[in-house]
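The values are calculated or read from the model by the stated rules, or taken from the named source; none is laboratory data. Remember, predicted model here, so these are calculated numbers, not experimental data. Neighbour counts are summed over all protein chains in view; Cβ atoms, including those assigned to glycine, are modelled from backbone coordinates with ideal geometry. Remember, those area values only see protein heavy atoms, side chains included, never the ligands or the DNA or RNA. Shrake-Rupley method; radii C 1.70, N 1.55, O 1.52, S 1.80 Å.
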Amino acid sequence: MIDPPFDIPEYLAVVSTPIGRLELLSEGQTVTCLTIEDNGSLPHDDLPRRTNDVLDEAATQLCEYFDGSRQEFTVPFTANGTPFQRAVWDGLALVPYGSVVSYATLGSNAVGTRGGRAIGRAVACTPVPLLIPSHRVVSATGKLTGYTGSAGVAIKKWLIEHESADAS
């Protein structure tokens with residue numbers, strides 16, 4: 001038997017949301033990737049959907065988040081990254097719903113550095129945005145900066161407003 005190419009996910013689900021379609025990937029036990037639609041497409045649009053229990057639960061929790069009945073995600077996920085990235089993502093997980101934090105404060109709290117660019121790169125590498133609330137990070141002046149995809153700032157603004165956070 002020939003193994004499939006490495007980039008074909010074992011499990012794949014797509015959820016329609018107010019910010020566009022979300023692609024969810026899983027290896028079986030956890031969500032391993034969440035991608036927000038960009039310019040009408042997702043990385044695996046051409047592949048058939050094959051869901052499992054964890055992706056079904058993730059889809060349910062995401063729908064609850066978008067309808068306003070969920071503030072925290074409990075679905076298991078795997079976020080592979082460097083120790084520095086994982087420390088930043090752990091810090092992001094502590095930013096409560098409806099709140100924002102600056103890159104510098106996040107860095108200072110999570111890894112003991114205020115190096116905004118390094119923190120920004122780690123935030124940008126979040127493999128499961130929303131589940132890890134990377135949209136809750138703003139500049140030191142409160143300005144909304146990049147997020148995932150070409151409509152990133154607009155999506156970030158929508159998410160922060162959805163959570164009724166004051167980003168200024």
Handout entry: Estimated translational D of region 34-95 in µm²/s (Stokes, Kirkwood radius over Cα pairs; 4 °C; 1.567 mPa s)
Key = 92 µm²/s
Practice task
Quick one: which residues, 5 or more positions from residue 32 or on another chain, have an amide H under 5 Å from its amide H? H modelled 1.01 Å from N in the peptide plane, none for Pro or chain starts.
Solution key: 25, 26, 27, 78
Practice task
Working with all protein chains in place, sort 8, 119 by solvent-accessible area computed with a 1.4 Å probe, largest first.
Solution key: 8, 119
Completion exercise
Toy charge model, Lys and Arg Cβ at +1, Asp and Glu Cβ at -1: the chain dipole around Cα centroid in debye, rounded to 20, equals 880 debye
Completion exercise
Env charge @ residue 162, Cβ radius under 11 Å, K,R +1 / D,E -1, value -1
Practice task
Would you mind getting the accessible area per residue of region 47-122, heavy atoms of the protein chains only, 1.4 Å probe, in Å²?
Solution key: 55 Å²
Problem - Exposure rank, largest accessible area first [86, 121; 1.4 Å] - result: 121, 86
Exercise for the section: With viscosity set to 0.692 mPa s and temperature to 37 °C, compute the Stokes-Einstein D of region 72-168, Rh being the Kirkwood radius across alpha carbon pairs; µm²/s, no decimals. Expected result: 249 µm²/s
Fill in the blank from the handout: Full extension between residue 113 and residue 49 adds, at 0.36 nm per residue less the Cα distance, a length in nm of 18.9 nm
Practice task
Report in % the part of the accessible area of region 1-74 that belongs to carbon and sulfur, leaving out ligands and nucleic acids; probe 1.4 Å.
Solution key: 50 percent
Handout entry: Among 29, 118, 83 - extreme Cα towards positive end, dipole of the chain, charges at beta-carbon
Key = 118
Fill in the blank from the handout: Ordering 63, 33 by the accessible surface of their heavy atoms, 1.4 Å probe, largest first, yields 63, 33
Exercise for the section: For Rg/Rh (Cα atoms, Kirkwood Rh), several values are listed as (i) 0.97; (ii) 1.02; (iii) 0.93; flag the one computed from this structure. Expected result: (i)
